[in-house]
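All remarks here apply to the structure that follows.
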Amino acid sequence: MKKFYLFYILIFITLFTSCSSLKYKNIDFRSEMRSFVISLAEYARTEDENKNENFIVIPQNGQAVLWDYENDDVMSPVYSEYIDAINGTGREDTFYGGSGDYSATLESDSELFQSWCDIYKDRGVAVLSIDYCTLSDAETSFNLNDEKGYVSFCALDRNLTEIPSLDIHNENSENCTSLSDCKNFLYILNLSSYSSKEEFIQAVLETNYDAIIMDAYFNDGTLFTASQIENLKTKANGGTRLVISYMSIGEAEDYRWYWDSIKKKSWVLEENADWEGNYKVEYWTSDWQSVIYGSSSSYLAKILSCGFDGVYLDIIDAYEYFEDLVY
């Protein structure tokens, strides 16, 4: 009986895989993600009513989107249009965190991540490197990133809930008005340890980070105001800094304002097994992209209206999920 049961499971898996392959066989997943990011950047800089021609765009992870699937081994040719559209690339687990939270990333994985990031750095794109490590490994992480010419952040908490209890690396009083000026940054997304926006703002105002990457929304689901974001743009020592909003474009999040209107759409797929409340989406569909940018009610328009200096785009590597289904 067990043999028959296993047999039918195998048939189901085979049929499911075949159907997925047929459904997506004519889609170039990397090209679609590149186009998504490029169009989003163009909208922010030229089309929205709150447009900012210097708006910063930083995709996180998914560095291999820069070339085609067939060229993974040689990592070329690269698509210059994508390079031209972005200002930075974010890389998690560069030296720490890739082999489990707070432990050193496998050397082979670290070398691969560095080889990807160097392609961007060599073309003038800033590399923002996030290591998840212990306090005792922070100095090593900073030094390794310095040697590579990456701007780094050591997260002592994988959930990014806190301002780390360590000295700011490369702290300075200079004005930071572009990503090329940035010598350090704070990455903080989950603000559950703060009782109010005002408490969080005050904590950040007491720091000298050159850039802040944060969520545009507080834990209660309300947007930060333009005046609050403007307030955050001054360091404790008087220098100016960048304030950049996180935004996931490769998955939908069930705690966002848009969720009820999209949760039953056919292009919203399974939940991410590693991140509760995050759902795979067919990110190339016009319906999903219209949630992200293109109108005054879109996610990006809300971020622009708050006066953020840029966006930090997550789940760029969503193309990997679909490539695994097809290839």
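The values are calculated or read from the model by the stated rules, or taken from the named source; none is laboratory data. Please read these numbers as outputs of a predicted model, since none were measured by experiment. Cβ placement follows ideal geometry from the backbone for every residue including glycine, while neighbour counts extend to all protein chains displayed. These area figures cover heavy atoms from the full protein model, side chains too; ligands, DNA and RNA do not enter into them. Shrake-Rupley method; radii C 1.70, N 1.55, O 1.52, S 1.80 Å.
Odds and ends about this structure:
- A compact globular protein would have a Cα radius of gyration near 2.2 N^0.38 Å; the ratio found for segment 202-297 is 1.32.
- If you count Lys pairs in segment 133-251 whose Cα atoms are under 16 Å apart, skipping same-chain pairs closer than 8 places in sequence, the total is 4.
- Each listed q (0.26, 0.29, 0.32 Å⁻¹) maps to a log10 I(q)/I(0) for segment 127-171, found by the Debye formula over equal Cα scatterers with no solvent: -0.97, -1.17, -1.33.
- Between residue 263 and residue 136, the contour length at 0.36 nm per residue exceeds the alpha carbon distance by 41.4 nm.
- Entry note, the chain: relative contact order of 19 percent, from Cα contacts under 8 Å with a spacing of 6+ residues.
- Per residue solvent-accessible surface (Å²) - the chain, probe of 1.4 Å: 47 Å²
- Fully extended contour minus Cα-Cα distance, from residue 207 to residue 27, at 0.36 nm per residue: 60.2 nm
- Stretchable slack from residue 324 to residue 198, in nm (0.36 nm times residue separation minus alpha-carbon distance): 41.0 nm
- A 1.4 Å probe over all protein chains sorts 156, 106, 40 by accessible area into 106, 156, 40, starting with the largest.
- Model label sites at residue 270 and residue 122, defined 7 Å from Cα along the beta-carbon direction, differ in position by 3.7 nm.
- On the chain, 49 percent of the accessible area sits on carbon and sulfur atoms, based on a 1.4 Å probe.
- Applying a length cut-off of 18 Å (Cα extent along the axis) and a mean Kyte-Doolittle floor of -0.5 to the DSSP H helices of the chain leaves 2-24, 29-42.
- When the chain is treated as a GNM with alpha-carbon contacts under 10 Å, the residue of 83, 244, 262 showing the greatest mean-square fluctuation is 262.
- Computed packing ranks the peptides 122-133, 48-59 as 122-133, 48-59, most packed first, by mean other Cβ atoms within 10 Å.
- Of 25/264; 25/263; 280/302; 23/280, pairs whose Cα-Cα distance is over 18 Å: 25/264; 25/263; 280/302
- For the chain, modelled as a GNM whose springs connect Cα atoms under 10 angstrom apart, the maximal fluctuation among 70, 171, 32 occurs at 70.
- Cα gyration tensor, the chain - rounded (a/c under 1.5), prolate or oblate: prolate
- Just so you know, the Rg over Rh for segment 267-320 is 1.01, from Cα atoms, with Rh as the Kirkwood radius.
- For residue 253, solvent-accessible area (1.4 Å; no DNA, RNA or ligand), Å²: 0 Å²
- Mean Cα-pair separation over length for segment 163-300, i.e. relative contact order, pairs under 8 Å, 6 or more apart, %: 19 percent
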